[in-house]
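Chemist: Quick one: the structure is below, and I'll ask about it shortly.
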There are 2 protein chains.
Amino acid sequence: MTNKEQLKGETKRKHFRVEPIGFIRSDLKRREGAPRQGREGAPNALIEVLPSYRKALRRMQAGDEIIVISWLHRARRNVMEVHPRGDASRPLTGVFSTRSPDRPNPLGLHRVKVLKTDRGKLHVGPIEAIDGTPVIDIKPVINSDDW
Amino acid sequence: MTNKEQLKGETKRKHFRVEPIGFIRSDLKRREGAPRQGREGAPNALIEVLPSYRKALRRMQAGDEIIVISWLHRARRNVMEVHPRGDASRPLTGVFSTRSPDRPNPLGLHRVKVLKTDRGKLHVGPIEAIDGTPVIDIKPVINSDDW
C-alpha cells in the first residue's frame with residue numbers, strides 16, 4: 001500500500017466522538033472577560049466530574065499538578081489564521097502556532113494544581129476557562145519542564 | 001437556575017465531533033513496540049497535515065517547540081483504572097492520574113520540536129505515537145516550564 005493510498009483510507013474516517021467527562025464551575029461567566037492564560041489573573045475553579053467517570057480520579061490528591069484538557073465550546077472552528085491576541089499589528093499567524101481558542105478542534109490545555117478533592121469535585125487553579133466549559137481529559141504532569 | 005439544573009442541561013449535549021487535521025507517519029508500526037514517552041527512545045516522525053488545514057501552519061518553523069495532540073485510535077475507552085505501566089505491583093490508579101492511552105477520550109499529548117517544515121509536512125521528534133495516529137491539534141509551547 002502506498003503512502004497516498006494509506007492516507008486516503010484513513011481520511012475515510014472523518015471524525016471521532018468526544019464525550020465530556022465533567023464541567024468547569026467558575027466565576028468567569030463570559031469569554032470576553034476571561035484572561036488568555038491561567039497565569040494572567042485567572043481564578044480558582046471547580047471541575048465537576050460526571051458520576052460515570054469518577055473512578056478515573058482514584059489516587060488523585062491535593063498538591064498534584066495536572067493538565068486539564070477542555071473543549072472550548074464557544075470557539076469558531078473555521079478560523080485557520082489570526083493576528084495573535086487580536087493585535088492587528090502582529091503578523092497573521094496560523095492557529096497551530098498560537099493559543100487562540102478559535103481552531104479546527106477547539107481544545108484548551110490548562111496546567112493547574114489540585115487544591116482539594118471532594119468525591120467527584122476537584123478544586124483547581126488558577127484556570128482561565130469560563131463557567132460551563134466541558135472537560136474532556138485530565139492527565140498528570142510528568143516532568144515540570146516537560147509538561 | 002440551580003447548579004443541578006445547569007449540570008442537567010449541559011449533560012444533554014452528549015458529545016462533540018473531533019476531526020483529524022492530519023496523521024503521523026512513523027517507523028513505529030505497532031502499539032506493542034511503542035515507547036511510553038517520547039524521551040524513552042522514540043524516533044522522529046512526520047506529521048502530514050491535510051490540505052484543508054495547512055493554512056493553520058502559517059509561520060511555523062524549524063526550531064519551534066510544539067505540543068501535538070493526537071487521538072489514540074487503538075485505545076480502550078471503557079478503562080477507568082490501571083496499574084501504572086502495566087506493573088501489577090503498583091497500586092490501582094485512576095487513568096486521570098496516569099498517562100495510559102486507555103481512557104474515556106483517548107487523547108495523546110506529545111511535546112516535540114519542529115525539525116523541518118515542508119508545505120503540509122512537519123518533521124518532528126522524538127514522538128512515541130504509532131504510524132497512522134490521527135492528529136487533532138497542534139499548539140506552541142509558551143513557557144518551557146509551563147508547556
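Chemist: Are there any pairs, at least 6 apart or on different chains, whose C-beta atoms fall under 9 Å, with the first in the stretch B:55-67 and of a type in the set (A, V, I, L, M) and the second assigned to a strand (DSSP E or B) and open to solvent by 70 Å² or more (accessible area, probe 1.4 Å), and if so, which?
Modeler: B:ALA62/B:LYS113; B:ALA62/B:LEU115; B:ALA62/B:LYS116; B:ILE66/B:LYS113
Chemist: Let me ask you something else. Based on what the data block shows, is B:LEU72 within 7 Å of another protein chain (Cβ to nearest Cβ), under 18 Å from the mean Cα position of the chain (by Cα), open to solvent by less than 60 Å² (accessible area, probe 1.4 Å) and in contact (Cβ under 8 Å) with a residue 60 or more places away in the chain?
Modeler: So B:LEU72 fails the test.
Chemist: Hey, another quick one. Which members of the stretch A:125-147 meet the condition of being open to solvent by 30 Å² or more (accessible area, probe 1.4 Å) and within 14 Å of the chain's Cα centre (by Cα)?
Modeler: Hit for the stretch A:125-147 is A:PRO126, nothing else.
Chemist: Within the bounds of the stretch B:112-127, is there any residue that is of a type outside the set (A, V, I, L, M, F, W, C) and within 22 Å of A:ILE136 (Cα to Cα)?
Modeler: Checked the stretch B:112-127: no residue is of a type outside the set (A, V, I, L, M, F, W, C) and within 22 Å of A:ILE136 (Cα to Cα).
Chemist: Follow-up. Filter the stretch B:79-100 down to the residues that are facing chain A (nearest Cβ under 7 Å), over 15 Å from A:LYS55 (Cβ atoms) and surrounded by fewer than 16 Cβ atoms within 10 Å (Cβ to Cβ) and list them by number.
Modeler: Answer for the stretch B:79-100, where residues must be facing chain A (nearest Cβ under 7 Å), over 15 Å from A:LYS55 (Cβ atoms) and surrounded by fewer than 16 Cβ atoms within 10 Å (Cβ to Cβ): there is none.
Chemist: So in the stretch A:8-28, with the set limited to residues that are surrounded by fewer than 16 Cβ atoms within 10 Å (Cβ to Cβ) and at pLDDT below 90, which one is nearest to the chain's Cα centre (by Cα)?
Modeler: Across the stretch A:8-28, the extreme among qualifying residues is A:LYS14.
Chemist: Looking at B:ALA34, B:ALA56, B:ALA42, B:ALA62, which one is at pLDDT 95 or above, crowded, with 17+ Cβ neighbours inside 10 Å and not basic (Lys, Arg)?
Modeler: It is B:ALA56.
Chemist: Criterion first (without any contact (Cβ under 8 Å) to a residue 60 or more places away in the chain, touching a Pro at 6+ places or on another chain (Cβ under 7 Å) and over 20 Å from A:GLN61 (Cα atoms)) does A:SER97 satisfy it?
Modeler: Considered against the rule, which asks whether it is without any contact (Cβ under 8 Å) to a residue 60 or more places away in the chain, touching a Pro at 6+ places or on another chain (Cβ under 7 Å) and over 20 Å from A:GLN61 (Cα atoms), A:SER97 comes out as yes.
Chemist: Quick one: what pairs do we get from the stretch B:15-28, first residue in contact (Cβ under 8 Å) with a residue 12 or more places away in the chain and part of a loop (DSSP other than H, G, I, E, B), second of a type in the set (Ser, Thr, Tyr) and surrounded by fewer than 16 Cβ atoms within 10 Å (Cβ to Cβ), C-beta under 6 Å, 6+ apart or different chains?
Modeler: none
Chemist: Of everything in the stretch A:111-124, what is open to solvent by 10 Å² or more (accessible area, probe 1.4 Å) and closer than 17 Å to A:GLU40 by Cβ? Give them in sequence order.
Modeler: Within the stretch A:111-124, A:ARG111, A:LYS113 meet the criteria.
Chemist: Any chance the stretch B:105-126 includes a residue that's without any contact (Cβ under 8 Å) to a residue 24 or more places away in the chain and farther than 27 Å from A:LEU57 by Cβ?
Modeler: yes
The values are calculated or read from the model by the stated rules, or taken from the named source; none is laboratory data. Keep in mind the model is a prediction, meaning the values are calculated, not measured. Because the Cβ atoms are built from the backbone with ideal geometry, glycine has one as well, and the counts that use them run over all protein chains shown. Note: accessible area is taken over every heavy atom of the protein model, side chains too, but ligands, DNA and RNA are not part of it. Shrake-Rupley method; radii C 1.70, N 1.55, O 1.52, S 1.80 Å.
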